[in-house]
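Structure first, then comments.
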Amino acid sequence: MGLWRDIKGTLQPFWITLGYLFTKPVTIQYPEEKLTPPPRYRARIVLTRNPDGSERCVACQLCSAACPVDCISMQAAEDSDGRRYATWFRINFARCIFCGLCAEACPTMAIQTTPDYEICNRDVLKLVQEKEDLLIDGCGKDAEYNYYEHSGVGVVNERGGNDDEYGPVDPKALMP
Amino acid sequence: MNDLLISLILILVKLGMIFGVVLSMAAYLVLAERKILGRMQLRYGPNRVGPGGMIQPLCDVIKLITKEDFVPDRADKWVFLFAPGLTALTALLSFAVVPFSPPLTLFGREIPMVVCDLNIGLLYLFGLSSLAVYGVVLGGWASNSKYSLIGAIRSLAQMLSYELSLGLALVPVVMSAKSFSLTEIVMSQADWPNMLSHPLAFLIFMTSIAAESKRTPFDMPEAENEIVGGFHTEYSGMRFGLFFVGEYINLIVIGAMTTVFFLGGWHGPFLPPVVWFIGKVLFVAFLFIWARGSMPRPRYDQLMHFGWKVLIPLALLNVVITGAVLVAMNG
């Protein structure tokens, strides 16, 4: 009946809000309690190292090219053994939109996003971070990975010398 | 002469106490409303300034005072400046007739715990609640803004319509107390609060007084998501603050009126009468805050339909039934 439905619809909300009044709020009181975001959260960007402690970054510029706001820049150089590295590496976090495209583009898993979201600063120049600020001592999310043990030309192993690789293909042998 | 002077001083002391208590209660009702609404929505509400947010009202006042007092272009300036004061004033004046405790005997003198025990106190309250419409309507009219005007028109129609059912709901109370004086009405409820002997009148009263004071299920005049802020759209700074404080003083007035007319005023076991009175007022205030957390806003035509076609006939019927019962009991 219409009237009964109306009375029920008027009284029921009161019961529900009374229940919520005695429920613990879901708010996280930020400066006192801090949320630990999930591991794949996209916040501060870091440069990771190989398991053997060497830098992963090979200064291929792919992250810089993928970045939609152009906040990554670097200078590439080459070691005496032919291994590439970045002489300087700079991320402008004032520009960064934390889209994570750089981490997706990186072939050596060097550049990674972390759950560290507390990078606010009143001085905008402190948000421009150099290689020594970005480089961390760990391997980040891929602890086992070392690019040069799976690929790469003649730096650690010979071309095609890694376990999961095969040697150069002879195109003339690829007849239909 | 000496006697007159003492009476005058007593009245001034009572006025000062009432102003102090009502204004600080209004300030903390704002905080209480924000906190209770917050908890009902699974938030904490303001809790940063001072322990548990207790200094928040002070900060709000400082913010409002230091803001620019803006008058819109082509507004009716003097009416615009005057209207918020009228709202707060009419709300404050209502406390003159509210008795909050039985008469106190001090140094062989009987002191009535009410500023002015008018024998037509109820009519005085109605007069003031009709005057309160002016503050809203003049403020809305003088702002020279379409939202303010719509809000003002809505509040005019709504407050006038619901005043009828409000008055009719109180007729049974007056009939059983046989007096218009608020003190007499409270005295008549020594055994039974009117809420139990006049349940229908109580329900009609609660509904119409929510509409009369523009509290949430009936807050069409200031419906934020339809007409920005209604009649106080163009107000800023402390003038907006006056409207705001007026609304919360009104909430206390509602609490006091409900307590006096239906909840038995200061009557109650064990505790001193003043504590019972304030407790009941705060309980009614909590009921209205609770309703704000629970109820959606009806459409404007539904509001008018409900007022004229449901509440007023019901209230009239209630008057007739109460009269018949009273006649049967006496005869």
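What the table below lists for this structure:
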{"item": "Extended-chain gain in nm, criterion 0.36 nm per residue less alpha-carbon gap, B:Met187 and B:Ser130", "result": "17.9 nm"}
{"item": "Whole-number percent relative contact order across chain B, with pairs defined as alpha carbons under 8 Å at least 6 apart", "result": "23 percent"}
{"item": "Nonlocal amide H pairs with A:Cys139, under 5 Å, H built at 1.01 Å", "result": "A:Arg49"}
{"item": "Isotropic mean projected area of the C-alpha convex hull, the stretch B:43-107 (nm²)", "result": "9.7 nm²"}
{"item": "Kirkwood-Stokes translational diffusion coefficient of the stretch A:51-92, alpha-carbon pairs, 10 °C, 1.306 mPa s, µm²/s", "result": "143 µm²/s"}
{"item": "Packing-based ranking, highest mean first, of B:295-302, B:187-194, B:149-156, B:128-135 given that Cβ atoms within 10 Å are counted", "result": "B:149-156, B:128-135, B:187-194, B:295-302"}
{"item": "Among the listed pairs B:Lys14/B:Lys280; B:Lys67/B:Lys280; B:Lys14/B:Lys214, those beyond 27 Å (Cα-Cα)", "result": "B:Lys67/B:Lys280; B:Lys14/B:Lys214"}
{"item": "Residue-wise HN-Hα coupling along the stretch B:72-88, computed from phi with Karplus coefficients 6.51, -1.76, 1.60 (Hz; x: Gly, Pro)", "result": "x, 4, 6, 7, 7, 4, 5, 5, 4, 6, 8, 4, x, x, 4, 4, 5"}
{"item": "Calculated P(r) tail over 24 Å for chain B, as whole % of Cα pairs", "result": "58 percent"}
{"item": "Positive minus negative residues near A:Ser73 (Lys, Arg vs Asp, Glu; Cβ under 12 Å)", "result": "+1"}
{"item": "Cα gyration tensor of the stretch A:8-69 - equivalent ellipsoid semi-axes, whole Å, descending", "result": "50, 17, 10"}
{"item": "Formal net charge of residues neighbouring B:Val228 (Cβ-Cβ distance under 10 Å; K, R +1; D, E -1)", "result": "-3"}
{"item": "Whole-number Å³ per residue for the convex hull built on Cα positions in the stretch B:230-309", "result": "137 Å³"}
{"item": "Taking only Cα atoms of the stretch A:101-141, radius of gyration then Dmax in Å", "result": "11.9, 34"}
{"item": "Peptide-level mean, for B:291-302, of C-beta atoms on other protein chains within 10 Å", "result": "2"}
{"item": "Interatomic Cα distance distribution for the stretch A:1-130, bins of 5 angstrom, percent", "result": "2, 9, 14, 15, 13, 9, 6, 5, 5, 5, 5, 4, 3, 3, 2, 1, 0, 0"}
{"item": "Largest to smallest principal axis extent of the C-alpha atoms in the protein assembly as shown, angstrom", "result": "121, 61, 55"}
{"item": "Note, ³J(HN,Hα) from phi for the stretch B:256-261, Karplus 6.51, -1.76, 1.60, rounded to Hz, x at Gly and Pro", "result": "5, 5, 4, 4, 5, 7"}
{"item": "Under the Karplus curve 6.51 cos²θ - 1.76 cosθ + 1.60, θ = phi - 60°, whole-Hz ³J(HN,Hα) for the stretch B:25-35, x wherever Gly or Pro sits", "result": "5, 4, 4, 7, 5, 4, 4, 4, 4, 5, 6"}
{"item": "Test item: Cα-centred dipole of chain A, Lys/Arg +1 and Asp/Glu -1 on Cβ, debye", "result": "1080 debye"}
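FYI, it's all coordinate maths here, none of it is from the lab. Owing to the predicted nature of the structure, the values given are computational and were not obtained by experimental measurement. All Cβ positions, even for glycine, are placed from backbone atoms using ideal geometry, and neighbour counts span all protein chains on display.
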